[in-house]
Amino acid sequence: MRRGACAVAALALLAGCLACASTAVRAPEISAEVAAAGLARGSDRATLESGREVFRSSCARCHALPRIGDHSAEEWPAIVDDMSRKSRLLESDTAALAAFIQACAAVDRATEG
């Protein structure tokens with residue numbers, strides 16, 4: 001009986017994890033549009049890649065990844081500055097993160113309307 005209860009609990013846990021994984025926000029890929037938006041703002045692809053990695057690894061250490069399109073490219077710098085201070089990111093990581101998020105946000109806003 002105990003084995004059956006453990007098996008049911010394990011299956012429930014697995015189902016819960018799979019459900020969370022399917023709805024989790026992922027770091028956007030650097031598409032041609034994101035690369036162009038970054039370049040228009042003075043950021044090369046290497047900076048965007050670095051920013052994506054910071055977003056994916058550092059931000060997720062403390063909280064679920066935010067949906068970048070929930071804020072405009074102009075709103076993100078203040079958010080990034082605040083979070084970077086709290087997480088003690090290096091200045092170079094903060095700059096790369098801001099470049100990545102702003103490029104993604106610019107593309108999100110452009111495709112909405």
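The values are calculated or read from the model by the stated rules, or taken from the named source; none is laboratory data. Since this is a predicted model, take the numbers as computed values, not measurements. Here the Cβ is made from the backbone with ideal geometry for all residues, glycine too, and neighbour counts use every protein chain on show.
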* Looking only at segment 22-32, decide whether some residue is assigned to a helix (DSSP H, G or I) and modelled with pLDDT under 90. => yes
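Residues are listed down the side, and each one gets a yes or a no for (1) assigned to a loop (DSSP other than H, G, I, E, B); (2) among the acidic types (Asp, Glu); (3) modelled with pLDDT of 90 or more:
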site	(1), (2), (3)
39	no, no, yes
42	yes, no, yes
52	no, no, yes
74	yes, yes, no
81	no, yes, yes
86	no, no, yes
94	no, no, yes
103	no, no, yes
* To do: Examine segment 74-82 for a residue that is of a type in the set (Gly, Ala, Ser) and either touching a residue at least 12 places away in the same chain (Cβ under 8 Å) or surrounded by 14 or more Cβ atoms within 10 Å (Cβ to Cβ) (or both), and state whether such a residue exists.
  => no
* Asked: So how many residues does segment 30-74 have that are closer than 18 Å to residue 91 by Cβ, in contact with a helix residue (DSSP H, G or I) (Cβ under 8 Å, 6 or more places away or on another chain) and of a type in the set (Ser, Thr, Tyr)?
  -> 4
